[in-house]
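Derivation of every value follows stated rules applied to the coordinates shown; laboratory data play no part. Note that this is a predicted model, so its numbers are computed, not measured. Cβ coordinates were reconstructed from backbone atoms using ideal geometry, including for glycine residues, and neighbour counts include every protein chain displayed.
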């Protein structure tokens with residue numbers, strides 16, 4: 001059992017574990033487990049003046065760093081390096097940091113496109129994915145929903 005699945009069980013979350021051969025990206029993860037990439041979310045670690053923050057967006061989208069900097073209110077925020085992630089999140093595989101701010105003790109920023117999905121799949125490790133209802137994933141997380149990738153429907157934000 002991984003740290004992620006233990007955390008979800010402790011919080012009485014219903015989820016499904018999808019074991020698979022190692023995947024190094026969210027797009028590879030989708031291909032390997034045989035689902036559409038639009039159903040997979042990825043978690044990126046931002047390095048900010050206040051510490052780390054998580055940016056959660058659909059696997060098929062690219063992080064817009066300017067939007068992320070605006071979200072975290074730090075114009076110098078940038079993606080954390082692999083060395084920083086290995087040092088600061090040693091219990092997690094590279095590329096498999098979960099979208100669980102409460103587990104990691106960091107703020108979490110979620111793209112509205114993620115919230116629009118009924119269920120999502122995310123990496124629990126490089127060889128284990130987790131399928132969960134989006135509402136259940138975030139219901140006891142303190143999240144900020146904010147555009148993190150360019151999308152034509154984001155004019156309202």
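Worth pointing out:
- If both residues of a DSSP beta bridge must be in the chain, then about 75% of such bridges are antiparallel.
- What separates the Cα centres of the range 1-53 and the range 88-157 is a distance of 8 Å.
- Entry for P(r) over Cα pairs in 5 Å bins from 0, in percent (calculated from the structure that is shown) out of [x] 2, 8, 14, 15, 15, 14, 11, 9, 7, 5, 1, 0; [y] 2, 10, 20, 23, 23, 15, 6, 1, 0; [z] 1, 9, 17, 22, 23, 19, 7, 1, 0: [y]
- On full extension, the segment bounded by residue 94 and residue 32 gains 20.6 nm, given 0.36 nm per residue less the C-alpha separation.
- Normalised contact order of the chain, rounded percent, pairs of Cα under 8 Å and 6 or more residues apart: 29
- Förster-model FRET efficiency, 30 Å R0, residue 12 and residue 75, C-beta, rounded to 0.05: 0.15
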